[in-house]
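This report refers to the structure that appears directly beneath it.
The values are calculated or read from the model by the stated rules, or taken from the named source; none is laboratory data. Being a predicted model, the structure only gives us computed values, none of them experimental. Note that each Cβ is placed from the backbone with ideal geometry, even for glycine, and that neighbours are counted across all protein chains shown.
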Amino acid sequence: MKKDLGNATTAKLSSHWTKAAVIGSIWAAIEIVLGSFLHNLRVPFSGTMLSMSAVFLLVAFSMHWKERGIIIRAGLIAAVMKSISPSAVILGPMVGIIMEAVILETVLILLGRNIVGFIIGGMLGVTWAFIQKIISLLIIYGFDLVRIAEALYFFLVKNTGLENLSPIYLVLLVLGVYMIAGMLAALAGIISYRRVKPKAGINAGKESFNPAEEHPFLLQAEQQKFASINILLITILIGITLFFLNRQNYYPALSGGLILMGFVLYRYQRAMRYLKKPSLWIQLFLITFFAALTWEWISSGKLFAVSGLIIGLEINFRALVIIFGFAGISVELRNPLVRSLLYRNGFSNLYKSVSLAFATLPGIIEYLPRKKGILRQRNNLLGRFLNMADLLHTFMSQELAIHHNVFIVCGKVHSGKTAFMGKFIQECRKIGVQVDGILATGTFIENQRDTFSLIHIREGQSYELAAREKKPGWFSYRRYFFNPSAFERGLDILTKGLAENNDILVLDEIGPMELGGRGWYRALQVLDRNYRIPQVWVVREKILGEVRDRWNIPEENVFHIKKYRPVELLQKISIFAKTGSQ
């Protein structure tokens, strides 16, 4: 019953999305690696430097691939991928990434992919970093910050004798610096691409990397317990606190704010690393000090007023409420359920592209030059990126091959899927078909599932997989605790099952945990690379669409246990094995 698949059919994901996935994954890798590097060195204006690197990259890729719309798509993908960054707050960077892409794409559509379009797009893209900074400060501290800044400005002007200096000149000066930075980044992208274009691709065969190599970044977000309802709860608490704060009803505002902060500290301890930054507390102190110093200076000439001190403390409290709230929301945006909602609400192309980009990110990070290598290879960095892009595009095209050899058995929770598979295995053994893989059987106490066991199909050995009762070394997921060694054992069984060329390989079962990068996720990565041996995956009905879409499994390979018999599944697999078609 052995069979070679031959040429795999590609899934219907357009070239626009695959190329966007390539650009987005490279962009996200640079954001994560370079961003962490600049953050650790505490380099000033690191956000501006990241914007310049993004413009450099996007301009070069806009010259390399000229399809309209791939830059915006790449921005969406990179923004979603930014959610796995070690940073505590991700909302700001995600918005910045999307806006840079939208601005550059819009300018290129209006002015064309020429030197003028690239330069203006680059200037506006980097300038957005400054505009977003201002907007962020207003969101965090409120419009009282404008009055403090105005008072401080006039205080400094009067005491320095520069009374003819208009504030507009200072704003224009800063904007000019950002625009020049954007122009230089765009020019660097144009010049570098023209220099390396004739050489692009000549090293692609010499330098290779494993795009799907496992990397701790991928699973970092999954170590956090999520609850999507918390987004609504945090948003309500922020709204209530700011409502009373704006009306100077300090007691209810203080109560709401303290409840919010306490909840976020309890629920998202790791996200509050932002509070350890000395720069934050220096900033809050300076705002309070200058508010107290200058609040009544314009109207009365009086330095240091209690009313100013109160306003400063109010601004700082508002800032802490926003920081705590956005930190909590940022964590919840990493929720695998958010990725699932993309698929369920018509964003399947984005879902597919993000999945591909996440799969290749570890390899990209490993492929990037190390800190010392950046200086040595600075003249060939773009060429390295272009070669990597070609490799990635080839890899992603291969990853989109449809799995005609994977068959899904689906049903609701506790509906008898494992029992169905037991009968299927019996039918296989009747005609001498060799089946290997794993089953997950359970025990019940008072009509509730209590434990799960992992069964090696060929040898019949049993291993503890999950239980309601906590055990040393086990990790929790929803209502159960899971045995990590059982997953390692199952991975070993499935890997050997592929190597030994069994007639059929079984994986029972795939649930929400796998879509979140845990459970049998690593086993699925191994099975995903095989198009030859027929496989049967047991899948919960609720996530059937997401599993089919993520691993490119055709609809005709789905067998619902309420509609089909085990022997019908075996007959379909037999036809596949003999003819290689469905």
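List of remarks:
- Pick from region 188-202, criterion at pLDDT 65 or above and surrounded by 17 or more Cβ atoms within 10 Å (Cβ to Cβ), ranking: farthest from residue 121 (Cα to Cα): 196
- Condition check for residue 431: closer than 13 Å to residue 503 by Cβ, among the hydrophobic types (A, V, I, L, M, F, W, C) and surrounded by fewer than 18 Cβ atoms within 10 Å (Cβ to Cβ): yes
Residue-wise test of (1) at pLDDT below 70; (2) closer than 30 Å to residue 518 by Cβ; (3) surrounded by 13 or more Cβ atoms within 10 Å (Cβ to Cβ); (4) not assigned by TED's automatic domain parsing to the domain that holds residue 513.
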site: 252; (1), (2), (3), (4): no, no, yes, yes
site: 260; (1), (2), (3), (4): no, yes, yes, yes
site: 287; (1), (2), (3), (4): yes, no, yes, yes
site: 314; (1), (2), (3), (4): no, no, yes, yes
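- Leading residue by the ranking (nearest to residue 432 (Cα to Cα)) among those in region 504-516 that are touching a residue at least 40 places away in the same chain (Cβ under 8 Å) and crowded, with 19+ Cβ neighbours inside 10 Å: 504
- Scanning region 525-545 for residues that are of a type outside the set (Gly, Ala, Ser) and surrounded by fewer than 22 Cβ atoms within 10 Å (Cβ to Cβ) yields a count of 12.
- Residues of region 177-198 that turn out to be farther than 16 Å from residue 62 by Cβ and among the hydroxyl-bearing types (Ser, Thr, Tyr), as a count: 1
- Every pair of residues 6+ apart whose Cβ atoms lie under 7 Å, when the first sits in region 312-329 and is more than 15 Å from residue 230 (Cα to Cα) while the second is outside any helix (DSSP H, G or I): 315/142; 318/142
- Set side by side, the residues 449, 458 differ, and just one is surrounded by 11 or more Cβ atoms within 10 Å (Cβ to Cβ), assigned by TED's automatic domain parsing to the domain that holds residue 575 and either more than 24 Å from residue 571 (Cα to Cα) or aromatic (Phe, Trp, Tyr) (or both), which is 449.
- Residues of region 529-547 classified as of a type outside the set (A, V, I, L, M, F, W, C), out of contact with any Gly (no Cβ under 7 Å at 6 or more places or on another chain) and closer than 27 Å to residue 562 by Cα, total: 5
- Look at region 226-255: where a residue is of a type in the set (D, E, K, R), no partner that is surrounded by 15 or more Cβ atoms within 10 Å (Cβ to Cβ) sits 6+ places away or on another chain with Cβ atoms under 8 Å.
- Residue within region 384-405 that is modelled with pLDDT of 80 or more, within 22 Å of residue 567 (Cα to Cα) and either of a type outside the set (D, E, K, R) or crowded, with 21+ Cβ neighbours inside 10 Å (or both) present: yes
- Among the strands (runs of 3 or more DSSP E) confined to region 475-582, the ones with at least 3 residues that are over 19 Å from residue 409 (Cβ atoms) are located at 475-477, 480-482.
- Condition met for residue 35 (assigned to a helix (DSSP H, G or I), in contact with a helix residue (DSSP H, G or I) (Cβ under 9 Å, 6 or more places away or on another chain) and modelled with pLDDT under 85): yes
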